[in-house]
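Here the structure comes first, spelled out in structure tokens, and everything after it is commentary.
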Amino acid sequence: MGTMNRPGVAQWLGYVVGRTLPPEQIDWVRNDLTGPHAAVRHILRNELVFSPFFVAALFLPGPWVLRLATLALGAILGTFYTVAYMKPQREGRLRAHGLPSDLMTSHERSRHDAERRSFEHEYRTVS
């Protein structure tokens, strides 16, 4: 992988809401979606999309405890759905940028390699 060309603020905000980045930033996209801490970046990126709703919850009528409870419920539900649909969203972003949708994150790759070694050790060794 060569040097990564990072997107500007406007490009990144477009990327957050689903726009594709130019081809010269493909290495950055690959790292963002499959590199170390990709899951954390995905969750934070999606929470940013939900943030206007979180702010709106603070302006609802009623006592502050109700407003904060509404905000907490929204954050919990937003995080739940973000995590639940992480893999399909990652695959869609990879496809949109012209990358194979089956690229694994570094964690998935290491787990897959460990499972493969375990399988080969158990089933392919001559007894």
Q.
With the requirement that a residue be within 13 Å of Arg93 (Cβ to Cβ) and either surrounded by fewer than 15 Cβ atoms within 10 Å (Cβ to Cβ) or out of contact with any helix residue (DSSP H, G or I) (no Cβ under 7 Å at 6 or more places or on another chain) (or both), what does segment 39-75 give you?
A. Arg41
(Q) Being among the charged types (D, E, K, R) and assigned to a loop (DSSP other than H, G, I, E, B) is the filter here; which residues of segment 1-54 pass it? (A) Arg6, Arg19
Q: Hey, can you tell me all the residues within segment 91-108 that are under 17 Å from Val40 (Cβ atoms) and modelled with pLDDT under 90?
A: Met104, Thr105, Ser106, His107, Glu108
Q.
Looking only at segment 75-127, count every residue that is among the small types (Gly, Ala, Ser) and more than 18 Å from Val16 (Cβ to Cβ) and tell me the total.
A. 8
Q. Does Leu99 fit the bill of being surrounded by 11 or more Cβ atoms within 10 Å (Cβ to Cβ) and not in a helix (DSSP H, G or I)?
A. yes
Q: Could you tell me whether any residue of segment 75-97 is aliphatic (A, V, I, L, M) and touching a residue at least 60 places away in the same chain (Cβ under 8 Å)?
A: yes
Q. Within segment 106-120, is there a residue that is loosely packed, with under 10 Cβ neighbours inside 10 Å and either out of contact with any Cys (no Cβ under 7 Å at 6 or more places or on another chain) or of a type in the set (Phe, Trp, Tyr) (or both)?
A. no
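The values are calculated or read from the model by the stated rules, or taken from the named source; none is laboratory data. Keep in mind that what you see is a predicted model, and the values were worked out from it rather than measured. All Cβ positions, glycine included, derive from the backbone under ideal geometry; neighbour counts span all protein chains shown.
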